[in-house]
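> Mind having a look at this structure? Questions to follow.
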2 protein chains.
Amino acid sequence: MHRLISNIQIKVNENIFLKDPSSSNLGQRIISGGLDLTLEIGFEDLTFKKLAKKIDSTEASIYRYFENKHKLLLYLVNWYWVWTEYRLVFSLANITSPKERLIKAVHILTSPVSDEWKLPHMDTVKLNKIVLSESSKVYLTREVDNENKGGVFSAYKRVVGRVSDIITEINPAYKYPHMLISTAIEGAHHQRFFSEHLPRLTDNVDGEDAVVEFYKDMILKAIV
Amino acid sequence: MHRLISNIQIKVNENIFLKDPSSSNLGQRIISGGLDLTLEIGFEDLTFKKLAKKIDSTEASIYRYFENKHKLLLYLVNWYWVWTEYRLVFSLANITSPKERLIKAVHILTSPVSDEWKLPHMDTVKLNKIVLSESSKVYLTREVDNENKGGVFSAYKRVVGRVSDIITEINPAYKYPHMLISTAIEGAHHQRFFSEHLPRLTDNVDGEDAVVEFYKDMILKAIV
DNA sequence: TAAGTTTGTTAGCAATACTATTATATTTAC
DNA sequence: GTAAATATAATAGTATTGCTAACAAACTTA
């Protein structure tokens with residue numbers, strides 16, 4: 001069951017790439033091979049040489065699309081947030097109750113991406129896995145300020161802003177809506193990583209997705 | 001005003017280093033130079049060659065202390081958590097009210113380190129700054145599971161465990177104490193980074209440390 | 001079919017991430 | 001106080017990374 005019109009096009013900030021990878025066969029192989037290789041060996045160990053080999057191309061060709069591997073990750077993460085904003089708006093369409101909207105939004109931001117959201121040119125399930133463990137590396141760098149000026153984080157900021165607005169609608173007096181939402185987003189990523197690798201930092205509860213339930217509970221209690 | 005006995009010794013997990021840096025002059029220069037250089041150029045751009053130059057030593061000498069720069073960061077972060085556990089236990093001594101204990105603990109985990117906690121052989125204020133932006137890189141790697149087996153994250157886990165225990169004392173029915181605390185710790189780090197670089201992801205409130213207040217408020221509401 | 005564009009091929013260079021060897025201090029042991 | 005042990009420095013070397021450049025081949029479009 002697909003929820004989305006399957007020929008939607010996600011428009012990634014143009015400052016990220018030298019040449020739009022969605023515009024060519026090689027570009028798409030770079031992206032899908034990049035997803036696979038990152039999942040296989042981790043982003044740290046990925047090099048354009050290895051990626052070139054994997055997709056049967058050459059280092060130099062990949063460099064024509066992305067300045068460096070950091071930009072490739074930035075592309076993936078930016079794509080993710082543009083797409084997540086779309087999912088968010090789509091999912092909240094025609095729902096008027098602000099509380100219901102908030103709960104749906106938190107669900108989208110904290111639960112793993114399922115197959116029903118798949119798109120033809122991007123394996124969103126793989127992408128989501130990468131975002132969990134690698135996305136914070138995209139902004140925790142010396143280059144944040146410069147990249148931020150180029151607008152590469154605005155999709156993420158808009159997502160946080162949209163959900164914060166719902167909170168403000170519910171309780172205009174609540175002082176920390178942005179902190180609450182960005183805490184939940186980043187936190188959910190971390191918790192999913194922890195539950196796999198450092199379980200003493202999390203809690204497991206039988207029969208529920210503890211991450212989603214925890215953040216729903218936390219947010220609803222925080223804003224009253 | 002110093003709160004601590006100044007000749008306390010922080011014992012870092014032995015799997016992290018080849019040779020204990022606290023045991024020699026060169027070792028201590030590696031650590032303090034490492035702090036400075038990381039703050040100057042960021043951990044990504046730090047190399048042992050640059051660090052050697054800074055402390056007037058050689059690459060090969062540094063390699064006798066740490067296998068690679070990742071281990072150096074691991075050392076710093078592990079040191080931080082051992083020390084934070086100490087601060088925590090020290091600060092909660094003789095306080096019996098669980099709620100008061102919790103509030104103090106959250107304060108320690110979310111506020112910036114101040115001068116009063118300084119120790120002779122480690123610039124804890126600098127260390128804290130580094131932890132905010134670099135510590136997650138220490139576990140978001142392919143090597144987590146191996147390193148975790150070596151016990152290098154146990155100080156962090158104990159800190160989370162101790163504060164979770166206070167929560168359980170206050171409300172034994174609360175299902176997510178570990179998630180709540182690890183969310184607050186990591187979240188506070190992120191929020192401090194955001195407020196400097198991506199302010200649209202946070203909220204500023206005049207006349208208060210919004211990060212500390214937000215997490216106190218969030219936690220106290222969550223556990224009732 | 002020519003011109004333009006994209007990709008592949010090859011080469012090369014500077015920096016990184018180490019390891020090894022030998023020499024020179026410095027510490028400690030007797 | 002000297003010998004032995006140990007720590008550090010100096011130098012060199014290797015494989016890999018992170019690029020850039022130049023040209024050739026293929027494929028696209030006008």
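> Got a number for residues in region B:123-151 being more than 10 Å from chain A (Cβ to nearest Cβ), outside any helix (DSSP H, G or I) and over 13 Å from the mean Cα position of the chain (by Cα)?
2
> Still on this structure: Looking at this structure, is A:Asn146 open to solvent by 20 Å² or more (accessible area, probe 1.4 Å) and on the phi > 0 side of the Ramachandran plot?
No.
> Taking the criterion of being exposed (fewer than 14 other Cβ atoms within 10 Å of the Cβ), of a type in the set (Lys, Arg) and closer than 30 Å to A:Arg142 by Cβ, would at least one residue in region A:88-109 satisfy it?
no
> A follow-up question, please. Out of (1) open to solvent by 10 Å² or more (accessible area, probe 1.4 Å); (2) within 16 Å of DNA strand D (Cβ to nearest atom), the odd one out for B:Phe66 is which?
That leaves (1) as the condition not met.
> Based on what the data block shows, is B:Ile108 within 16 Å of DNA strand C (Cβ to nearest atom), assigned to a helix (DSSP H, G or I) and of a type in the set (Val, Ile, Thr)?
No; evaluated as a whole, the condition is false for this residue.
> Specify the residue that is farthest from DNA strand C (Cβ to nearest atom); the eligible residues are those in region B:35-80 that are within 14 Å of chain A (Cβ to nearest Cβ) and either without any contact (Cβ under 8 Å) to a residue 12 or more places away in the chain or assigned to a loop (DSSP other than H, G, I, E, B) (or both).
Only one residue fits best here, namely B:Glu40.
> Please go through region B:4-26 and pick out each residue that is over 24 Å from B:Asn148 (Cα atoms) and in a helix (DSSP H, G or I).
Once the filter is applied, which keeps residues that are over 24 Å from B:Asn148 (Cα atoms) and in a helix (DSSP H, G or I), region B:4-26 yields B:Ser23, B:Asn25, B:Leu26.
> When you check B:His178 against the structure, is it within 9 Å of chain A (Cβ to nearest Cβ), open to solvent by less than 30 Å² (accessible area, probe 1.4 Å), in contact with a helix residue (DSSP H, G or I) (Cβ under 9 Å, 6 or more places away or on another chain) and of a type outside the set (Ser, Thr, Tyr), yes or no? Outline the logic, then answer.
Values: within 9 Å of chain A (Cβ to nearest Cβ): yes; open to solvent by less than 30 Å² (accessible area, probe 1.4 Å): no; in contact with a helix residue (DSSP H, G or I) (Cβ under 9 Å, 6 or more places away or on another chain): yes; of a type outside the set (Ser, Thr, Tyr): yes.
It is false that B:His178 is within 9 Å of chain A (Cβ to nearest Cβ), open to solvent by less than 30 Å² (accessible area, probe 1.4 Å), in contact with a helix residue (DSSP H, G or I) (Cβ under 9 Å, 6 or more places away or on another chain) and of a type outside the set (Ser, Thr, Tyr).
> Go through the residues of region B:87-102 one by one and say whether even a single one is within 14 Å of chain A (Cβ to nearest Cβ) and either in a helix (DSSP H, G or I) or in contact (Cβ under 8 Å) with a residue 12 or more places away in the chain (or both).
Quick first cut of region B:87-102, residues within 14 Å of chain A (Cβ to nearest Cβ) only: none.
There is no residue in region B:87-102 that is within 14 Å of chain A (Cβ to nearest Cβ) and either in a helix (DSSP H, G or I) or in contact (Cβ under 8 Å) with a residue 12 or more places away in the chain (or both).
> Can you find a residue in region B:156-163 that is assigned to a helix (DSSP H, G or I), aromatic (Phe, Trp, Tyr), buried (at least 16 other Cβ atoms within 10 Å of the Cβ) and touching a His at 6+ places or on another chain (Cβ under 9 Å)?
no
> I would also like to ask the following. I need the full set of residues from region A:19-54 which are of a type in the set (A, V, I, L, M), open to solvent by 20 Å² or more (accessible area, probe 1.4 Å) and touching a helix residue (DSSP H, G or I) at 6+ places or on another chain (Cβ under 7 Å), in order please.
A:Leu26, A:Leu39
> Which condition number in (1) under 18 Å from A:Tyr215 (Cα atoms); (2) open to solvent by 10 Å² or more (accessible area, probe 1.4 Å); (3) touching a helix residue (DSSP H, G or I) at 6+ places or on another chain (Cβ under 7 Å) is the one that B:Leu132 fails?
(1)
> Being in contact (Cβ under 8 Å) with a residue 24 or more places away in the chain and more than 9 Å from every other protein chain (Cβ to nearest Cβ): is that true of A:Glu169 here?
When the stated conditions are applied, A:Glu169 passes them.
> Here's something else I'd like to know. Which residue is farthest from the chain's Cα centre (by Cα), if the candidates are limited to region B:156-166 and must be more than 8 Å from every other protein chain (Cβ to nearest Cβ) and within 23 Å of A:Arg192 (Cβ to Cβ)?
Here is the first cut: in region B:156-166, the residues more than 8 Å from every other protein chain (Cβ to nearest Cβ) are B:158-159, B:162-166.
Okay, now just the ones that are also within 23 Å of A:Arg192 (Cβ to Cβ), so B:158-159, B:163-164.
Working: B:Arg158: 13, B:Val159: 10, B:Val163: 15, B:Ser164: 17 Å.
If we take residues in region B:156-166 being more than 8 Å from every other protein chain (Cβ to nearest Cβ) and within 23 Å of A:Arg192 (Cβ to Cβ), then B:Ser164 is farthest from the chain's Cα centre (by Cα).
> Can I ask one more? Could you please find all residues in region B:200-224 being within 30 Å of A:Gly150 (Cβ to Cβ), free of Cβ contacts under 8 Å to residues at least 24 places away in the same chain, at the interface with chain A (Cβ under 9 Å from one of its Cβ atoms) and not basic (Lys, Arg)?
Taking region B:200-224 and keeping what is within 30 Å of A:Gly150 (Cβ to Cβ), we get B:200-205, B:210-211, B:214.
Checking which are free of Cβ contacts under 8 Å to residues at least 24 places away in the same chain leaves us with B:200-205, B:210, B:214.
Those left that are additionally at the interface with chain A (Cβ under 9 Å from one of its Cβ atoms): B:200-203, B:205, B:210, B:214.
If the condition is that a residue be within 30 Å of A:Gly150 (Cβ to Cβ), free of Cβ contacts under 8 Å to residues at least 24 places away in the same chain, at the interface with chain A (Cβ under 9 Å from one of its Cβ atoms) and not basic (Lys, Arg), then B:Leu201, B:Thr202, B:Asp203, B:Val205, B:Ala210, B:Phe214 are the ones that fit.
The values are calculated or read from the model by the stated rules, or taken from the named source; none is laboratory data. Model, not experiment: these values are computed from the prediction. Cβ sites come from the backbone with ideal geometry, for glycine too, and all protein chains shown count toward neighbours. The accessibility values were calculated without ligands, DNA or RNA, using every heavy atom of the protein model including side chains. Shrake-Rupley method; radii C 1.70, N 1.55, O 1.52, S 1.80 Å.
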